[in-house]
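In what follows, a structure is listed as structure tokens, so that the remarks can point back to it.
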Amino acid sequence: MTSIRSIDRFEYRAPGSLDETLDILKTSGTDAKVLAGGTDLILQMKQGLIRPSLVVDVKKVPELNRLEWDEVGGLHVGAVVPLNKLATFPAILERYNILAQACSVIGSAQVRNRGTMAGNICNAAPSADSAPALLCLGAGAVVASSNGARSIDLNDFFVAPGETAIGDGELMVEIEVPTPPPHSAGCYIRHTTREEMDIAVVGVASFLTLSPQDKTLKEARIALGAVAPTPVRAHGAEAFLTGKSVTPDIIEEVAEKAAAEANPISDLRGSAEYRRELVRVLVRRTLRESCSELGLIE
Amino acid sequence: MKIKVNGQDYEITVEPGRTLLDILRYELRLTGTKEGCGTGSCGSCTVLLDGEAVNSCLVFAIEVEGKEITTIEGLSQQGKLHPLQQAFIDEGAVQCGFCTPGVILTAKAFLDSNPHPTELEIRQAIAGNLCRCTGYDKIVRAIMSATNS
């Protein structure tokens, strides 16, 4: 574990508008850092991993505090909305069960009262719990700079451990998540050594959409955490499952394929072999749970 | 900057890099709030920020300008202990006492939002507070008994 040190001097700004924030980011050096909940940023500053000369606290920017849902526009989670607000937001509880599950296991109550979903994915840990769920839901990250705004498909968002597709001078504004289609179900299950306050050894999210006429799967998405340099989709396993009627044998085969697609490392949390086996087990469990929610299996 | 702690207004000068924990202990001399790990893992430094439990070691003091902080020193009213504090004494839920202020404040915020929790809910709620002495049973019992008082 990296030791704790005192934090070097830095300039602190807390702009009250998006324009002002983007102006600051445009003219600031590349070592400026954006502060939302701070549960990762302040820790990294204490550990001396980053030494920003400027910290821009964006919690007062109205656009970044947005938490809204409607059928057509989907869910919009502003970059500074703390995780605990998501756990009680009715639309998330009713329609985005997989996201509620993923966000409820991040850190402790104290961390969730400060930390944000945007921070969870901007930190870009391969084990980020919200990432597999967001990948399954087809989420996008809205980023803005003084040149305008753009949306980054989450499939293209994670570049490397700790590295995202957000460019210099760009600010994460919100995460947008389309409304899940009818006849869909999904879940996120992770394995940790301890029950609470731990980082996933492996995390798996599955999300299935059913064709109600013939009971085949119109779409299948499977996303894996902590088994590659970034959170990843198991595209081969997804393609194999799409269009099929689910049977226990098919689930086994899909789990096997997803395990083969994982590219885990060995570290203190688990060996590569163990992680691969966990992918198999957790893909099977998430698929069974999603199928049972869809009424496909007992 | 202006900061309100336990109902009292303070005006202080702070460097941006100083944490809320640091200010509480070394500027305001409210040493009931403890530093354990300094990394947001142990919960010893838990205080209430506008009623919500946060790790004060992972909050810059400058972020809480104009907000209300409650520390363990602010829980008793007119010399009378808060029911949670009394319950911790009655149940013997304190050994070395280092984690206790943090646990009690986490429990207070939790009970404010969920006045009649199950034992499992209590255990999940205090997952971010480490205790090296008690094995948690007496802590859980104390929180449970405070819900009945």
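The values are calculated or read from the model by the stated rules, or taken from the named source; none is laboratory data. In this text the structure is predicted, and so the values were computed from the model without any measurement. Methodologically, a virtual Cβ is constructed for each residue, glycine included, from the backbone with ideal geometry; neighbour enumeration extends over all protein chains shown.
Only one of the listed residues (A:I92, A:I189) is surrounded by fewer than 24 Cβ atoms within 10 Å (Cβ to Cβ), of a type in the set (A, V, I, L, M) and in the same structural domain as A:R275 (by TED's automatic domain parsing). That residue is A:I189. If you filter segment B:39-73 down to residues that are within 9 Å of chain A (Cβ to nearest Cβ) and on the phi > 0 side of the Ramachandran plot, you find that the one that is nearest to the chain's Cα centre (by Cα) is B:G43. Residues that are under 23 Å from B:Q124 (Cβ atoms) and either within 14 Å of chain B (Cβ to nearest Cβ) or in contact (Cβ under 8 Å) with a residue 40 or more places away in the chain (or both) number at least 3 in the following helices (runs of 4 or more DSSP H) confined to segment A:68-112: A:83-86, A:97-104, A:109-112.
Residues are listed down the side, and each one gets a yes or a no for (1) under 28 Å from A:D153 (Cβ atoms); (2) outside the structural domain of A:F157 (by TED's automatic domain parsing); (3) in contact with an Asp or Glu (Cβ under 8 Å, 6 or more places away or on another chain):
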site: A:G203; (1), (2), (3): yes, yes, yes
site: A:L210; (1), (2), (3): yes, yes, no
site: A:A220; (1), (2), (3): yes, yes, yes
site: A:P248; (1), (2), (3): no, yes, no
site: A:A258; (1), (2), (3): yes, yes, no
site: A:R269; (1), (2), (3): no, yes, no
site: A:E273; (1), (2), (3): no, yes, no
site: A:R276; (1), (2), (3): yes, yes, no
site: A:V283; (1), (2), (3): yes, yes, no
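For B:C96, the requirement of being within 14 Å of chain A (Cβ to nearest Cβ) and closer than 28 Å to B:L28 by Cα is not met.
Filtering segment A:164-183 to residues that are touching a residue at least 60 places away in the same chain (Cβ under 8 Å), surrounded by fewer than 22 Cβ atoms within 10 Å (Cβ to Cβ) and touching a Phe, Trp or Tyr at 6+ places or on another chain (Cβ under 9 Å) leaves A:T179, A:P180.
Scanning segment B:39-83 for residues that are free of Cβ contacts under 8 Å to residues at least 12 places away in the same chain and in contact with a His (Cβ under 8 Å, 6 or more places away or on another chain) turns up just one, B:S76.
Comparison of A:A149, A:A128, A:A141 shows that the only residue that is outside any strand (DSSP E or B) and among the small types (G, A, S) is A:A128. In the set A:A228, A:A234, A:A239, A:A260, only one residue is over 18 Å from A:A185 (Cβ atoms), small (G, A, S) and either buried (at least 16 other Cβ atoms within 10 Å of the Cβ) or in contact with a helix residue (DSSP H, G or I) (Cβ under 6 Å, 6 or more places away or on another chain) (or both); that residue is A:A228.
Residues that are touching a Leu at 6+ places or on another chain (Cβ under 8 Å), closer than 30 Å to B:G17 by Cα and outside the structural domain of B:T31 (by TED's automatic domain parsing): find the helices (runs of 4 or more DSSP H) completely inside segment B:46-139 holding 2 or more of those. Fully inside segment B:46-139 and qualifying: B:100-113.
For A:L93, the test of being closer than 22 Å to A:P180 by Cβ, of a type outside the set (G, A, S) and in contact with a Cys (Cβ under 8 Å, 6 or more places away or on another chain) is failed.
Would you confirm whether or not segment A:30-51 contains a residue that is free of Cβ contacts under 8 Å to residues at least 24 places away in the same chain, under 16 Å from A:G115 (Cβ atoms) and among the basic types (K, R)? Yes: segment A:30-51 contains one or more residues that are free of Cβ contacts under 8 Å to residues at least 24 places away in the same chain, under 16 Å from A:G115 (Cβ atoms) and among the basic types (K, R). Quick check: anything in segment A:29-46 more than 27 Å from the chain's Cα centre (by Cα) and outside any strand (DSSP E or B)? Looking through segment A:29-46, at least one residue is more than 27 Å from the chain's Cα centre (by Cα) and outside any strand (DSSP E or B). Scanning segment A:33-43 for residues that are in contact with a strand residue (DSSP E or B) (Cβ under 9 Å, 6 or more places away or on another chain) and not small (G, A, S) yields A:K33, A:V34, A:L35, A:T39, A:L41, A:I42. Give the residues of segment B:1-33 that are under 13 Å from the mean Cα position of the chain (by Cα) and more than 14 Å from chain A (Cβ to nearest Cβ), sorted by residue number. Result: B:V5, B:N6, B:L24, B:L30, B:T31, B:G32. With respect to being in contact (Cβ under 8 Å) with a residue 40 or more places away in the chain and more than 14 Å from chain A (Cβ to nearest Cβ), B:Q86 fits the description. For segment B:101-149, the set of residues classified as within 12 Å of chain A (Cβ to nearest Cβ), touching a residue at least 60 places away in the same chain (Cβ under 8 Å) and small (G, A, S) consists of B:G102, B:A109, B:G128, listed by residue number. Of all residues in segment B:1-18, those that are in contact (Cβ under 8 Å) with a residue 24 or more places away in the chain and not hydrophobic (A, V, I, L, M, F, W, C) total 7.
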